[in-house]
Amino acid sequence: MPLPPWLESDVSLKAMNTFGLPATARRLVRIRQDADVRRVLDSPEVGRSAKLVLGGGSNLVLTRDVDEVVLKVEVEGLRLVETRPDAYIVEAGAGMTWHEVVDRTIANGWPGLENLALIPGTVGAAPVQNIGAYGLELAERFESLEGVDLVTGRGVTLDRRMCLFGYRDSVFKHVLAGKTVITRVRLRLPRPWVPVLGYLELERKVAETGITQPTPRQVFDWICAIRRAKLPDPAAIGNAGSFFKNPVVTPDQCRDIIGRDPHVVHYPMPDGSFKLAAGWMIEACGWKGKSIGRAGVYEKQALVLVNRGDAIGAEVVTLARAIQESVYGRFGIRLEPEPVVV
Ligand SMILES: Cc1cc2nc3c(=O)[nH]c(=O)nc-3n(C[C@H](O)[C@H](O)[C@H](O)COP(=O)(O)OP(=O)(O)OC[C@H]3O[C@@H](n4cnc5c(N)ncnc54)[C@H](O)[C@@H]3O)c2cc1C
């Protein structure tokens, strides 16, 4: 039986993941509106098959060809839905590039996302891991989202409380993992705008430039410059950003680790716990710049694993496991990967 025209077969995913790992999707459907999801669920060809939701592929390690039906989210659109005394509510299609939304909201006079500039990937994936950088997390700018339930085909709306946001975490990594396609995200951009400048590298920019009251565009430019100086551009060298989460430990655990190495980089958290710098621990174990096969640890930032050219997913996973073992052996801490391994 011929496949329906909306169902693509044997699609290479190499250019659809920022690590540049080789993998083929046996079947792929582009989702441009909610009805496209329902059409998949109702279809005799693939309705009952397992599904994999794909955004920009910037938080993925593909270790195999994908038998699940790939739902490539490409919902577009950006609009101001409400102006409240204390916030602009802006809605973005889940398939939009996150950085473009940051850029366009500033250009339109709705600032507030600038600290999250240049994070690769799509709007729809941003709530999945509650993206964060330079002193700001999506949760602080999130109003609600809409999506389609992959079991019932019904439309769903989730507010901030229902998303159970945590550090690089949300309900979409737990109870709702693989169960919902997010199609639109509503952002709450506070009025009046107040810059978030508490992060050390931003404090340095203020000191260097003498600009104590930057505009949103200046903060955006600073963030872009800081990120470009230390993170590899996936277009030039394949990677998925930070490969491990920074471990959060109790004060007792932190004391134990400081006992093992008094230089360990750690930050006190508001709830009394401590966040440890995973990149520092990886570097302390001697991994910076090293490789296993064609997968390596980035020379400028040990938290980032890179594709040194034609690596396969298994090489990245082998390298990640070797790093985890070293860090556990030296510090007694199990590093948790940030990207989703398929
Ligand atoms: C150079 C670089 C720098 C990075 N810096 C940061 C950073 O500073 N902070 C940070 O938090 N992250 C960072 N990341 C990680 C990554 O950019 C984010 O996690 C991003 O949100 C992933 O978006 P994506 O569209 O590429 O998701 P994908 O990789 O396509 O998917 C990631 C997960 O989300 C799910 N998903 C994707 N779209 C949807 C949807 N519409 N509905 C439901 N589920 C969906 C997928 O099934 C998968 O489980 C970085 C990555 C790179 C390559």
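Throughout, read-outs are computed from the coordinates displayed, never taken from laboratory work. All values derive from a computational prediction rather than experimental measurement. In this analysis, Cβ positions are derived from the backbone assuming ideal geometry, glycine residues included, and neighbour counts consider all displayed protein chains.
Summary table below
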quantity	calculated
Extended-chain gain in nm, criterion 0.36 nm per residue less alpha-carbon gap, Thr318 and Gln33	98.8 nm
Footprinting exposure proxy for His263, His174, His99 (fewest neighbouring C-beta atoms within 10 Å first)	His263, His174, His99
Span-rule helices in the chain, defined as complete DSSP H runs reaching 24 Å or more along the axis (Cα) with Kyte mean at least -0.5	313-331
Gaussian network model of the chain, Cα within-10 Å springs - most flexible of Leu60, Leu113, Leu78	Leu78
Highest-MSF residue in the chain out of Pro268, Pro22, Pro190 [GNM, Cα springs under 10 Å]	Pro268
For segment 97-248, Kirkwood radius (reciprocal of mean inverse C-alpha pair distance, Å)	16.6
Net charge over other residues, Cβ less than 10 angstrom from the Cβ of Gly166 (K, R count +1; D, E count -1)	0
About the Cα centre, charge dipole magnitude for the chain (Lys/Arg +1, Asp/Glu -1 at Cβ), debye	180
Nearby aspartates and glutamates by direct alpha-carbon distance to Lys230 (threshold 19 angstrom, same-chain neighbours under 8 apart not counted)	Glu114, Glu201, Glu203, Glu208, Asp221, Glu283, Glu299, Glu338
Cβ-based net charge around Val46, under 15 Å, with every Lys or Arg adding one and every Asp or Glu removing one	+1
Among Arg188, Arg161, Arg308: highest mean-square fluctuation, GNM of the chain, C-alpha pairs under 10 Å	Arg161
Cβ-defined net charge surrounding Val185, 15 Å radius [Lys, Arg +1; Asp, Glu -1]	-4
Positive dipole terminus of the chain, leading residue within Val156, Val61, Val175 (C-beta point charges)	Val61
35 Å tail of the calculated P(r), the chain, as % of Cα pairs	25
Asp221-Arg334 pseudo-label distance in nm [points 7 Å out on the Cα-to-Cβ vector]	4.7
Helix-derived mean residue ellipticity, 222 nm - over the chain, DSSP H n ≥ 4, -39500 (n - 2.57), to 500	-7500 deg cm²/dmol
Only Lys, Arg (+1) and Asp, Glu (-1) charged, at Cβ; segment 103-164 dipole about Cα centre in debye	80
Inter-centroid distance (Cα atoms) of segment 306-321 relative to segment 27-53, Å	31
Exceeding the 27 Å Cα-Cα cut-off - candidates Lys51/Lys290; Lys14/Lys275; Lys245/Lys288; Lys14/Lys300; Lys179/Lys290	Lys51/Lys290; Lys14/Lys275; Lys179/Lys290
Gain on full stretching of the segment that runs from Leu200 to Ser49 - 0.36 nm per residue minus C-alpha separation	49.6 nm
Segment 57-182: C-alpha gyration tensor shape, a/c 1.5 cut-off, then a/b vs b/c	prolate
About the Cα centre, charge dipole magnitude for segment 236-278 (Lys/Arg +1, Asp/Glu -1 at Cβ), debye	100
Cα-based convex hull volume of segment 130-218 per residue, rounded to whole Å³	104
Extension gain (nm, one decimal) between Glu82 and Ser291, 0.36 nm per residue minus Cα-Cα	70.2 nm
Theoretical FRET efficiency, 1/(1+(r/R0)^6), r = Cβ-Cβ of Tyr167 and Ile258, R0 25 Å, to 0.05	0.75
